[in-house]
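Below: the structure, in structure tokens.
Read-outs: derived from the displayed coordinates by stated rules, not from any lab. Since the model is a prediction, treat every value here as computed from it, not as a measurement. Heads up, the Cβs are rebuilt from the backbone with ideal geometry, glycines too, and the neighbour counts pull from every protein chain shown.
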Amino acid sequence: MEANNEVAILVFPSKRFKLAHLIAALNARFNMNAKVPDHMTVPSHSTHDALEDERNQHIKIYVNGDIVPRDQAKVSVYDSGFMLGDGMWEGMRLYNGKWAFFDEHMDRLFNSCKAVSLDIGMDRAGILTALSATAAANDMSHDVHCRLMITRGTKVKPFQHPVLSQSGPTIVIIMEHSKPATSLQASGIRLATVPQVRGLPMSQDAKFNSHSKLNCVIACLQAEQAGADEGLMLDPHGFVNTTNACNFFIVRNGEVWTSTGDYCMNGVTRQKVIDLCRANDIPVHEKNYSLYEAYGAEEAFLTGTFGAQTPVATIDGKRIGDHDGLGPVSRRIRQLYADLVAENTA
Ligand SMILES: Cc1ncc(COP(=O)(O)O)c(C=O)c1O
């Protein structure tokens, strides 16, 4: 009985439990010398690591037409987004006073809102005006990341039915000074395959950039508990699909592979990478493949608006390729993408 108690204490050494902590605790308690795998000793990362910027403590935030200081930006506890995760959002970046791939982000947003009968109450030009006003109020024009959020609005009662959301939409725009942390380009991200999948369109279509990210948050927690940074999610058939926050690519024999797209976010960056490969004679395939092929890849990288292309260092503790940071094909794609963003925001 006593031994059981000891194990119970050791197994939960801290709230943020990590396998590395457990091994260290066991070593200390039982005078053992078990090795902590290398991929578990480096500090954890996320694909959204940004350089610290003090100015972000004093930003102004758009809330339904008002642009107010960060600590005054509030929505109701009856808001459909807060209560149910009933809303859609877009992450966009501003360079030289222009939103990169604005039309593509608006296509996705308006399609998603239409699919869930969420009336945004303004057209694309209205959204652009709201974005511009928020950027001007913050004196921001370059290296800015924005989270544009639209929910079904304030409910008259704390229940699920959409008919109870009667205020019209809640629209919030948060803009931050934002430069992705460069360290991630050198070290790469550590992925763990997780039990949580991004599933079939008839449960909740993975293409919805919905306020509720619980599916992805669960995947991220599972990855963290396995000692990795983020989760590599399979599709319902067991093929490699996506990560909890980005789209996923591998390179094999010089060819770029990504999932079919049936079960993952229709990422703007994902599509740009596919288009750039096609335009630049880099063989690219949207296809089913398994972990067997992912583990043996020469290169792997993630795509997303924030980090563009982020190298993958390990999957389930297995090192990908024999390079640090992006491999040669991924590096070429990253440069092509940077050129495209520059062209789009010139
Ligand atoms: C689950 C998931 N996959 C991929 C992406 C990347 O999409 P994008 O390239 O449009 O930023 C996101 C971004 O919101 C996401 O949440």
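General observations
- Between the listed residues Leu232, Gly296, His211, the Cα displaced farthest toward the positive end of the dipole of the chain, a dipole computed from Cβ unit charges relative to the Cα centre, is found at His211.
- Spatially near lysine pairs across the range 54-177, Cα under 25 Å, sequence gap of 8 or more or different chains: 6
- Mean separation of Cα contacts under 8 Å (6+ apart) over length of the chain, as relative contact order %: 18
- Estimated vicinal HN-Hα couplings, Hz - the range 119-126 in sequence order (Karplus 6.51, -1.76, 1.60; Gly, Pro = x): 7, 5, x, 8, 8, 4, 5, x
- Charged side chains reduced to their Cβ positions (Lys and Arg at +1, Asp and Glu at -1) give the chain a dipole of some 480 debye around its Cα centre.
- Cα centroids of the range 76-109 and the range 122-165: 7 Å apart.
- All Cα-Cα separations within the range 118-158 were binned at 10 Å from zero, giving a P(r) of 22, 44, 25, 8, 0, each value a whole percent of the pairs.
- Computed Rg/Rh of the range 183-344, alpha carbon atoms with Kirkwood Rh: 0.94
- Averaging the sequence gap over all C-alpha pairs within less than 8 Å and six or more residues apart, then dividing by the number of residues, gives the range 228-269 a relative contact order of 29 percent.
- For the range 256-271, putting each phi into the Karplus relation 6.51 cos²θ - 1.76 cosθ + 1.60 with θ = phi - 60° gives couplings of 9, 10, 9, 5, 4, x, 6, 10, 10, 4, 7, x, 5, 5, 3, 5 Hz, in residue order, rounded to whole numbers and with x for Gly and Pro.
- Highest mean packing first, where packing is the average number of other Cβ atoms within 10 Å per residue, the peptides 143-150, 119-126 line up as 143-150, 119-126.
- Relative intensity, log₁₀ I(q)/I(0), of the chain from a Debye sum that treats every alpha carbon as a point, q = 0.08 Å⁻¹: -0.44
- The H on the amide N of Thr243, modeled in the peptide plane, is under 5 Å from the matching H of Met233, Phe248, each at least 5 residues off or on a different chain.
- Net charge contributed by nearby residues that have their C-beta within less than 9 Å of Ile282 (K/R +1, D/E -1): 0
- Secondary structure note: in the range 151-287, about 60% of the DSSP beta bridges are antiparallel.
- Each stretch of four or more DSSP H residues adds -39500 (n - 2.57); spread over every residue of the chain, this sum gives -9500 deg cm²/dmol at 222 nm.
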